[in-house]
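Notes to accompany the following structure.
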Amino acid sequence: MAQPSPPPPAVSLYGDPGAPDISGLWLGTITSTPQTSPKTREGIGADGRPPTYWAPWPLPYTPKYQKIFEDRATAAKAGRQPGDNGAKCLPFGLPQMLVSKVYPDEIIQTPGAVTILVNSTFPIVIWTDRRGHPKDLTPSYNGHSIGHWVDDTLFVDTVGIIGSTALDVFRNPHSDKLHIRWNIQRVAKDVLHVHVTLYDDEAFTEPVTTTNIWHRMSGPGWDILDDGSCFENNVGAMPTAPIPGFSTF
């Protein structure tokens, strides 16, 4: 019996009927160049594209979270990393994985779900089978995401994100009440616009938003999404007693 032919490049074999195809490897605009620490909001990414900016800026923190932000900034000057999950080899979580796109991610479409495979951490699963959020949801790094398609756009609602994650590579804080409404819009064959709005009445005085532009990566060198471990070459993450530089959240 003849084997079925694979789909042509960038064509999903099992996507939801009627949904636009967004499967493939994507790299978005970023907030810092790879392997460097961000120091300001100016500059461009390593590939020449600009970073992603939050609006409004400065972030409209409540007094409590403004102090957390300032304490983290002071600690960073002293060489400590409170609020930086990556320094402890913990998952980055949402929304950082949506907006701080240093490495490419892969989107896979299947009936009832869109899954984003993220470099060196947990995948993001967006359920499109009309389920709701669980009533007894346990907070996690990625939270729980449900979505639905309207024409060329996948609208997503994410809740249940633990407060120990950061908004971005600048380690901007949020509370465990964070509610993310975001969408992935296919604006061209090889271009996605990812609009992200954050709602957090405990941390912000008003919603915060940004748009990240993802471009399809194809051709030699982009055929396989590399795996990796945070512990590789991370001299600060040791499987022993806590060392100076590791602060609790």
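Quick notes
- Residue count for segment 93-103, restricted to those that are hydroxyl-bearing (Ser, Thr, Tyr) and crowded, with 17+ Cβ neighbours inside 10 Å: 1.
Okay, residues lined up against (1) surrounded by fewer than 16 Cβ atoms within 10 Å (Cβ to Cβ); (2) in contact with an Asp or Glu (Cβ under 8 Å, 6 or more places away or on another chain); (3) without any contact (Cβ under 8 Å) to a residue 24 or more places away in the chain:
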| site | (1), (2), (3) |
| --- | --- |
| Asp105 | no, no, no |
| Pro111 | yes, yes, no |
| Asn119 | no, yes, no |
| Ile126 | no, no, no |
| Gly132 | yes, no, yes |
| Leu137 | yes, no, yes |
| Gly143 | no, no, no |
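- Hits in segment 52-71 (condition: among the polar types (S, T, N, Q), surrounded by fewer than 20 Cβ atoms within 10 Å (Cβ to Cβ) and within 14 Å of Leu198 (Cβ to Cβ)): Thr62
- In segment 72-87, residue nearest to Gly28 (Cα to Cα) [restricted to those that are surrounded by fewer than 21 Cβ atoms within 10 Å (Cβ to Cβ) and of a type in the set (Gly, Ala, Ser)]: Gly86
- Restricted to segment 170-199, and to residues there that are part of a loop (DSSP other than H, G, I, E, B) and closer than 18 Å to Thr29 by Cβ, the residue that is modelled with the lowest pLDDT is Phe170.
- Filter pass, Lys77 being without any contact (Cβ under 8 Å) to a residue 12 or more places away in the chain and either within 18 Å of Pro20 (Cβ to Cβ) or of a type in the set (Lys, Arg) (or both): yes
- Lone unmet requirement of (1) more than 13 Å from the chain's Cα centre (by Cα); (2) crowded, with 17+ Cβ neighbours inside 10 Å for Lys189: (2)
- Flag if Leu90 is under 11 Å from the mean Cα position of the chain (by Cα) and either crowded, with 20+ Cβ neighbours inside 10 Å or part of a loop (DSSP other than H, G, I, E, B) (or both): no
The values are calculated or read from the model by the stated rules, or taken from the named source; none is laboratory data. Not measured: the values here are computed from a predicted model. Note that each Cβ is placed from the backbone with ideal geometry, even for glycine, and that neighbours are counted across all protein chains shown.
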